[in-house]
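Structure record follows, encoded as structure tokens.
The values are calculated or read from the model by the stated rules, or taken from the named source; none is laboratory data. Model, not experiment: these values are computed from the prediction. All Cβ positions, glycine included, derive from the backbone under ideal geometry; neighbour counts span all protein chains shown. Note: areas computed on protein heavy atoms with side chains; ligands, DNA, RNA excluded. Shrake-Rupley method; radii C 1.70, N 1.55, O 1.52, S 1.80 Å.
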Amino acid sequence: MNTVSFEIKEDMIGLLTLNRPEAANAFSTELLSDLNNVIDQVEHLTDLRVLILTGSGNKAFCAGADLKERASMNEKETVQAVRRIKQTLSRIEALPLPTLAAINGAAFGGGLELALACDLRYATEHAKMGLTETSLGIIPGAGGTQRLSRLIGIGKAKALIFTAKRLTSTEAQTMGLLEGVFTHQEFFPRILAVAQAISKNGPIAIRQAKKAIALGFDTDLHTGLQIEELCYLATIPTQDRLEGLAAFKEKRHPHYQGK
Ligand code: COA
């Protein structure tokens, strides 16, 4: 059985599920291989509008590195395993479409790093999360030290990483780590509603907006504004732009085709 499943829902919304509930959906070698296969698939699905990433069961989103597997690795194998997780999460971050982490339970270490590589993060009210690596004598190695400080600020990131603190969803939201916290019952409907709100907008526009924000974030304002202009230019010759204008004039909802 695959340790990662992928299905396409209505409105071209992709749902990727880490499927090792018996091991808190931890990143085993097999799961990383399956995850990369799904990423290959998603990269080729140019019609996909949004990708939701979640974990199976209601206890864990992802518990990070598989610590049982890790215990049997020598130093060289450990270095390779950490690099593999880092490269996989960088591939997710680089996907051209919006990605939503649906944090359905515990997200620790690499599990939270996975969520940090996504564009948006939503959690259930019972979820817990943190970069716990220093409590294991290591440091976040899949982007956590870099992405967390960029997201919530360097002081808060240092405090969380140095203390290995496990946050509740409410604490994480207060720190700016999450876009929303939902009750267990309303969790998936609310995540789907966010995905649908994105999927009804111009898909080329969404991808260009993601690109402009991502490329502009780590640069100076002047360069960022030039990047924005280039990304805007990519929307000019599209049928979607004309459809947006026509729908406005005709007082109807636009039907974007990503062309
Ligand atoms: N790697 C491998 N197996 C893991 C795991 C991990 N990172 N995290 C949990 N598991 C396994 C447990 O060993 C257990 O397996 P078992 O039933 O064979 O003993 C199973 O998943 C369920 O975990 P358990 O701890 O019994 O469930 P829980 O709901 O009480 O707690 C977690 C779940 C995820 C909160 C807890 O297991 C945990 O804190 N894990 C470590 C997370 C972490 O620090 N990751 C950082 C890695 S760098």
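Structural remarks
- Per-residue extension of 0.36 nm, minus the Cα-Cα distance of GLU229 and LEU215, leaves a gain of 3.8 nm for this segment.
- Cross-link reach is defined here as a Cα-Cα straight distance under 12 Å, omitting same-chain residues fewer than 8 places apart; for LYS9 none of the aspartates and glutamates meet it.
- Radius of gyration, Dmax [the chain; alpha carbons; angstrom]: 19.0, 66
- Where SER90, SER149 fall by accessible area, highest first, once all protein chains stay in place (1.4 Å): SER90, SER149
- Carbon and sulfur %, accessible surface of the range 203-250 computed with the full protein complex present, 1.4 Å: 67 percent
- Modelled FRET efficiency - R0 35 Å, ILE139 with PHE188, Cβ distances, 0.05 increments: 0.55
- Pairs over the 25 Å Cα-Cα cut-off, from the set LYS86/LYS259; LYS128/LYS158; LYS76/LYS210: LYS86/LYS259; LYS76/LYS210.
- Over the range 203-250, Cα pairs under 8 Å with separation of 6+ residues give a relative contact order of 36 percent.
- Normalised by the number of residues in the chain, the mean separation of alpha-carbon contacts (under 8 Å, six or more apart) gives a relative contact order of 15 percent.
- Shown here is the pair-distance distribution of the range 203-250: with all Cα-Cα distances grouped in 10 Å bins from zero up to the longest one, the shares run 27, 43, 23, 6, 0 percent.
- Bridgeable aspartates and glutamates around LYS156 (alpha carbons under 20 Å apart, same-chain partners fewer than 8 residues away excluded): GLU113, ASP119, GLU133, GLU171, GLU179, ASP218.
- Take every Cα pair under 8 Å whose residues are at least 6 apart in sequence, average their separation, divide by the length of the range 23-111, and the relative contact order is 49 percent.
- The GNM of the chain, with springs linking C-alpha atoms under 10 angstrom apart, assigns the highest mean-square fluctuation among LEU51, LEU136, LEU18 to LEU136.
- If the segment from LYS200 to GLU10 were pulled out straight at 0.36 nm per residue, it would be longer than the present Cα-Cα gap by 67.3 nm.
- Accessible area of the range 4-199 belonging to carbon and sulfur atoms, whole % at 1.4 Å probe: 54 percent
- ALA106 long-range amide H proximity, modeled H, under 5 Å: ALA60, PHE61, LYS128
- For the range 4-199, share of DSSP beta bridges that run antiparallel, in % to the nearest 5: 25 percent
- Packing, taken as the mean count of other beta carbons within 10 Å per residue, orders the peptides 245-255, 2-12 from highest to lowest as 2-12, 245-255.
- Of the whole protein surface, ILE139 contributes about 120 Å² of accessible area at a 1.4 Å probe radius.
- More than 18 angstrom apart: percent of Cα pairs within the range 103-236: 60 percent
- Note on LYS86: accessible area is roughly 100 Å² with a 1.4 Å probe, heavy atoms of protein only.
- Intensity falloff of the range 29-162 expressed as log10 I(q)/I(0), Debye formula with alpha-carbon point scatterers, at q = 0.10, 0.11, 0.15, 0.17 Å⁻¹: -0.31, -0.38, -0.72, -0.94
- In the chain, the calculated helix contribution to ellipticity at 222 nm averages -14500 deg cm²/dmol per residue, counting -39,500 (n - 2.57) for every DSSP H run with n ≥ 4.
- Solvent-accessible surface of the range 203-250, averaged per residue with a 1.4 angstrom probe and all protein chains in place: 72 square angstrom.
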